[in-house]
1. Pairs of Cα atoms under 8 Å, at least six residues apart: use those to get the relative contact order of the range 1-138, whole percent.
2. Go ahead and run the numbers for FRET between residue 231 and residue 57, Cβ-Cβ distance against an R0 of 41 Å, rounding to 0.05.
3. Evaluate E = 1/(1 + (r/R0)^6) for residue 67 and residue 169, where r is the Cβ-Cβ distance and R0 equals 22 Å; express this FRET efficiency to the nearest 0.05.
4. With an 8 Å Cα cut-off and a minimum separation of 6 or more residues, compute the relative contact order for the chain in percent.
5. Given points 7 Å out from each Cα along the Cα-Cβ axis, report the residue 177 to residue 243 separation in nanometres with one decimal.
6. Compute a Gaussian network model of the chain, connecting alpha carbons closer than 10 Å, and tell me which residue from 147, 157, 167 fluctuates the most.
7. Between residue 111 and residue 1, with labels modelled 7 Å along Cα→Cβ, what's the label distance in nm to one decimal, could you check?
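Each reported figure results from applying straightforward, stated rules to the coordinates on display, with no laboratory input. Note that the structure is a prediction, hence the values are computed from the model and not measured. Every residue, glycine as well, gets a Cβ built from its backbone with ideal geometry; the counts of neighbours run over all protein chains shown.
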Ligand SMILES: Nc1nc2c(ncn2[C@@H]2O[C@H](COP(=O)(O)OP(=O)(O)OP(=O)(O)O)[C@@H](O)[C@H]2O)c(=O)[nH]1
Ligand SMILES: [Mg+2]
C-alpha cells in the first residue's frame, strides 16, 4: 500500500530530519508531506532541504503563518488526495508518535476504513514521565468526548491515524469547524456517523523529544465545551449514516 504521512510542523526543525529518516527506514512504501506554517525556527527551510534530498518522497506545503492544525491537516489531505496515495497518515512531528507503530497500523488498515493509534487499548500507554494531572486530563478528556458522542472507541483524541484514501474522500471536510483536540474528536465522530469501520492499534505516546509542551487546562476546558457543538452540528449525519458519505 502506498502511504503518505502528513505531518504539520510548527518549530520542529530539530525533530523533522530525524523523523523523516526514521520513517524512511520502515518496511513501508511511504512518502511525506510536511505542512509548515512559516515556523520561526526555520523548519520550512529544513523541510525544503529534505525535499531536495528526496525529491520523490518529501513534499512541503508552506503556509504564511500559524493557521492551526485543522487547516494544516485539511490542506494536507487535499494535496495528498490529488496524488495516487492509497492511504494517508496523520502524525505529529515531535516524536510523540513512534514511527514504527505504522507497521501495525498498516496491517490493521487491511480490514478497516481508518485506524487510530490508541493509547487506551490493551498494549497502549502514555509517557510514564507525564505528571498525574496530565495523565488524568487526557484520560478524562477521552472519556468525556466518547461518552457525550457515544463513540465506541478507546482513544478519540489521538493524533496518530491512518486513513484509507476512499474514507477521507467521503468525509465532508468543509463542515469541519473545530481546531486542536476537538478537530481530532470531530473527525473520529464523522467517521463513526458515516459508519466507517474504525480499528484501533496500540501505541505508546511519548512526550515530545525537543521543544516545549503547550498543553494546559485552558485548552482542555475549551475543548470540553466544543464537544457539545460537534454533537449538535452533526445531528443530520447521525441519522443519515452511510448515506451521508460524499
Ligand atoms: N502547521 C502547523 N503545525 C502545527 C500547528 N500547531 C501544532 N503543530 C504541529 O502539530 C503537531 C502536534 O502539535 P504539538 O504542539 O506537538 O501538540 P501536542 O502534542 O498536543 O502538545 P505538546 O505537549 O506541545 O507536544 C506537531 O508536529 C506540531 O509541530 C499549527 O498551527 N500549524
Ligand atoms: Mg506533541
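1. Relative contact order, the range 1-138: 29 percent.
2. My answer for the efficiency is 0.55.
3. Efficiency, from the Cβ-Cβ distance: 0.45.
4. 23 percent
5. 2.5 nm
6. Among 147, 157, 167, the largest GNM mean-square fluctuation belongs to 147.
7. 1.3 nm
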